[in-house]
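To start, the structure itself, in structure tokens.
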């Protein structure tokens, strides 16, 4: 058998095996209101399906665009040949305007500083290639999106060192957690190149506070490193506090106007249309940076993952329609708010609470600690399986997001109809009601023990290279 | 192209990959593009501008595509009983749209005159062949390992195969003595070279038909290469991106045919790269594929393709187009004929200017021999001539040195990315240039 590279064999895809199981079970028995009303309801998929009608109606009003026409003339040839990695200028302009609109036009972006990539998956990997060597590290606050283990580490050889966040302060980043993470990296002889945060957070569904953002800026300024802010969910903020981008903070801070600081050259934003617009299939991601060298290098690297010119053109027209975008952004947020409200209420009725600071995203960070048989990840897995097999809901266990505390789950609400959501909540309510008789609840809230932490590390470092039909479900959903 | 940045204070550190020159954009291949961008030919507004002959694009068959789109609007829209917008927009499965993979497999079969079969389950989709080649390199080799690539080769490989992967290219030197064919001797020499530099050879990568030579590799040579990689227990990557651009179908032999004739013995070391950028003229749509006979490679490549998926909107369009058999049969046939006609035109034109080319049978370019014109039989001599042709004749062509050709004086000249009229003008300019040179020689 011919040898493959180390990347292909050892570290393969970085998959948590429980995640596979959830997908597999769902695929075997997917809920359908008519054909399979007892099937598994998918709540592990962070998709935004609430606002397609708005997109479809725009398309119906602008039929020429999908047909490669501009002002009545066919531009098919032009588009078919357009492979310039600088991207379609009209699309870049429309995209940066959209990004500014989402931020209440409190900041503007220069289209010459944007790099287009085939999705945020590609953007994040590209930034790693640009900012770090193999063997160097980035700090990430936990819990984080499981896909980062693949996106940031796989082909780049870069390491992730977690910044441990806890429920004691709603999982916000603290100075001591940052310092601790930095120390841990030092102990492992890892040179830290920067911090990567997702704001709004996946899986928490919260926006970062100004003080957290300032903390991060202070940290990278002091340690001379980069900050990547993945703002893929920036358009999904549905209630206060308003979204504050790290770019705004940079603008505000006077200490950074000092020439030698050049902190603004070390802050890079990642964006995508997969969540806000619900277009994950179209592969539209972007890197935004004030650092010319990063833009130059990332632009060249984007050759390996360019956005289809057909898609760039369609979206340049759609996002260039300011009336449409303004309406879309606000309507989409309204619908998300309503949907989240339904989920929270449903959970409440089942006696389950979720992170009260949830104000964004396509999911809730749900607290099921009091349903655990013990304060361990083993118990979390047990509970997760019960919910999967008995309650027939596929949700994401906190362990797969590297959460330090067992008992938290990410539950998505925007990828199904209202009726389906209500059904899911009913099932959960029944489950909890039946469960209450069985579980003892005395020591549920003790702090994580060493044992549970090391168990989680063990279960998560089991990269198994598999060749099976499970491969269909390996794709991490954000 | 490089960006000039004033660094008046120490810049923050980027990775060595980010600051390296391995992206290769400082080579003459790219410098010629710059000259063209600054002074592009236009038949009305800039008739004395630079004519771009360094771009291997296929512009001869767009009318066929446009006609298809006009008659089949459902391919570029949604609903009406077909795929819904919602469904398409949500589809990000790295397996790719099944209908598209099937259409691709069938298209690849037709191009090979149905002499080989392709299983759509072995097709992995990537955003262009650029991504496919890099991805395969990540999978087949570790940093520091080597791929053997016959010279002359596509300049982009220096970036695609080496830049982020850290893998080396060791050239298999080919020369005009046998029309630049790959020999067993050259393969062995390259292998030994790599070994002497302490590099583990992981694969041979060929482009068939060849860029920049414009020739389909002969069956016996393919058999030899296959035997060689089997003996050495290494992989073979066959980039067949120009397979639909062979002027007559029976002249192209794909490695897939040879494997079939061998009952797929040892096939799991072979991987084929394809793309619609050349045959269909759609480089902007970013459609590439890896076809591998190796299960592990297929699985791993699929996972890695997450970094470079094809827009589902584009997959939908092309699934429709390529599953329309009457369209594809007609397209393949007519495209071939038109390319052949263009090729004949340029060969005649160059001949009448006193310039010989390698006898080609494929591709969007010809491999022109200007070695008799060199002042010095060196790389510098070649670049001097190239500069003359760029600045005085106002033609951007690709010098052989940018393709790592071991013999100076050869140039790749593209013919399918312009109108026939423009090609005539380019040929006239060459004729005039050659006539002047003759006159100068006589005067001297």
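The values are calculated or read from the model by the stated rules, or taken from the named source; none is laboratory data. Just so we're clear, the structure is a prediction, and the values are computed from it rather than from any experiment. Note that we place each Cβ from the backbone using ideal geometry, even for glycine, and neighbour counts take in every protein chain shown.
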Item to check | region B:103-136, residues that are touching a helix residue (DSSP H, G or I) at 6+ places or on another chain (Cβ under 8 Å), within 14 Å of another protein chain (Cβ to nearest Cβ) and crowded, with 24+ Cβ neighbours inside 10 Å | outcome: B:124, B:125, B:126, B:127, B:128, B:130, B:131, B:133, B:134, B:135, B:136
Checklist entry - Among the residues of region B:250-259, is there at least one that is over 30 Å from residue B:31 (Cβ atoms), more than 18 Å from the chain's Cα centre (by Cα) and part of a loop (DSSP other than H, G, I, E, B)? => result no
Next on the checklist: residue B:444 - would you say it is modelled with pLDDT under 95 and within 21 Å of residue B:39 (Cβ to Cβ)?
Outcome noted: no
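Each row is one residue, and each column tells you yes or no for (1) under 23 Å from residue A:67 (Cβ atoms); (2) more than 24 Å from the chain's Cα centre (by Cα); (3) in a loop (DSSP other than H, G, I, E, B).
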| residue | (1), (2), (3) |
| --- | --- |
| B:70 | yes, yes, no |
| B:82 | yes, yes, yes |
| B:109 | no, no, no |
| B:124 | no, no, no |
| B:134 | no, no, no |
| B:152 | no, no, yes |
Checklist entry - Listed residues B:339, B:317; which is part of a helix (DSSP H, G or I) and away from every other protein chain (no Cβ under 14 Å)? => result B:339
Next on the checklist: For region A:143-159, give me each residue that is free of Cβ contacts under 8 Å to residues at least 60 places away in the same chain and in a loop (DSSP other than H, G, I, E, B).
Outcome noted: A:152, A:156, A:157, A:158
Checklist outcome for this item: Of the conditions (1) surrounded by fewer than 16 Cβ atoms within 10 Å (Cβ to Cβ); (2) more than 14 Å from chain A (Cβ to nearest Cβ); (3) on the phi < 0 side of the Ramachandran plot, the single one that residue B:190 does not satisfy is (1)
Item to check | Single condition residue A:57 does not satisfy, out of (1) assigned to a helix (DSSP H, G or I); (2) under 23 Å from residue B:125 (Cα atoms); (3) more than 24 Å from the chain's Cα centre (by Cα); (4) free of Cβ contacts under 8 Å to residues at least 40 places away in the same chain | outcome: (2)
Checklist entry - All but one of (1) within 30 Å of residue B:391 (Cβ to Cβ); (2) buried (at least 17 other Cβ atoms within 10 Å of the Cβ); (3) within 11 Å of chain A (Cβ to nearest Cβ); (4) more than 18 Å from the chain's Cα centre (by Cα) hold for residue B:76; which doesn't? => result (1)
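Take region A:64-84 and flag every residue that is more than 7 Å from every other protein chain (Cβ to nearest Cβ), closer than 21 Å to residue B:66 by Cα and within 32 Å of the chain's Cα centre (by Cα). Walk me through how you get there before you give the answer.
So in region A:64-84, the residues more than 7 Å from every other protein chain (Cβ to nearest Cβ) come out as A:64-65, A:69-73, A:75, A:78, A:84.
Narrowing the set further to residues that are closer than 21 Å to residue B:66 by Cα leaves A:64-65, A:69-73, A:75, A:78.
A:65, the sole residue that qualifies.
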Checklist outcome for this item: Per the filter on region A:60-91, residues on the phi > 0 side of the Ramachandran plot and either crowded, with 18+ Cβ neighbours inside 10 Å or touching a residue at least 60 places away in the same chain (Cβ under 8 Å) (or both) are A:68, A:87
Checklist outcome for this item: Among the residues of region A:275-295, the number that are within 7 Å of chain B (Cβ to nearest Cβ) and part of a helix (DSSP H, G or I) is 6
Item to check | Only one of A:140, A:116 that is surrounded by 18 or more Cβ atoms within 10 Å (Cβ to Cβ) and either more than 12 Å from chain B (Cβ to nearest Cβ) or in a loop (DSSP other than H, G, I, E, B) (or both) | outcome: A:140
Checklist entry - For region B:357-387, which residues satisfy the criterion of being closer than 17 Å to residue B:52 by Cβ and free of Cβ contacts under 8 Å to residues at least 24 places away in the same chain? => result B:387
Checklist entry - On the given criteria, is residue B:237 within 19 Å of the chain's Cα centre (by Cα) and within 21 Å of residue A:4 (Cα to Cα)? => result yes
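State yes or no: is residue B:145 closer than 24 Å to residue B:411 by Cα, touching a strand residue (DSSP E or B) at 6+ places or on another chain (Cβ under 8 Å) and surrounded by 17 or more Cβ atoms within 10 Å (Cβ to Cβ)?
no
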Checklist outcome for this item: Checked region B:84-102 for anything assigned to a helix (DSSP H, G or I) and at the interface with another protein chain (Cβ under 7 Å from one of its Cβ atoms); matches are B:85, B:86, B:88, B:89, B:90
Checklist entry - Out of (1) surrounded by fewer than 20 Cβ atoms within 10 Å (Cβ to Cβ); (2) modelled with pLDDT of 90 or more; (3) more than 9 Å from every other protein chain (Cβ to nearest Cβ); (4) out of contact with any helix residue (DSSP H, G or I) (no Cβ under 7 Å at 6 or more places or on another chain), what's the single condition that is false for residue B:56? => result (1)
Checklist entry - Of all residues in region A:76-102, which are closer than 17 Å to residue B:313 by Cβ and either touching a strand residue (DSSP E or B) at 6+ places or on another chain (Cβ under 7 Å) or not assigned by TED's automatic domain parsing to the domain that holds residue A:312 (or both)? => result A:87, A:95
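Residue by residue, here is whether (1) at pLDDT 95 or above; (2) surrounded by fewer than 24 Cβ atoms within 10 Å (Cβ to Cβ); (3) within 19 Å of the chain's Cα centre (by Cα) holds:
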site: B:272; (1), (2), (3): yes, no, yes
site: B:293; (1), (2), (3): yes, yes, no
site: B:301; (1), (2), (3): yes, no, no
site: B:311; (1), (2), (3): yes, no, no
Checklist entry - Listed residues B:251, B:325; which is modelled with pLDDT under 95, surrounded by fewer than 24 Cβ atoms within 10 Å (Cβ to Cβ) and either more than 14 Å from every other protein chain (Cβ to nearest Cβ) or out of contact with any helix residue (DSSP H, G or I) (no Cβ under 9 Å at 6 or more places or on another chain) (or both)? => result B:251
Next on the checklist: So the check is Cβ under 8 Å with 6+ separation or different chains; which pairs have a first residue in region A:240-259 that's assigned by TED's automatic domain parsing to the domain that holds residue A:197 and a second one that's modelled with pLDDT under 90 and outside any loop (DSSP other than H, G, I, E, B)?
Outcome noted: A:250/A:256
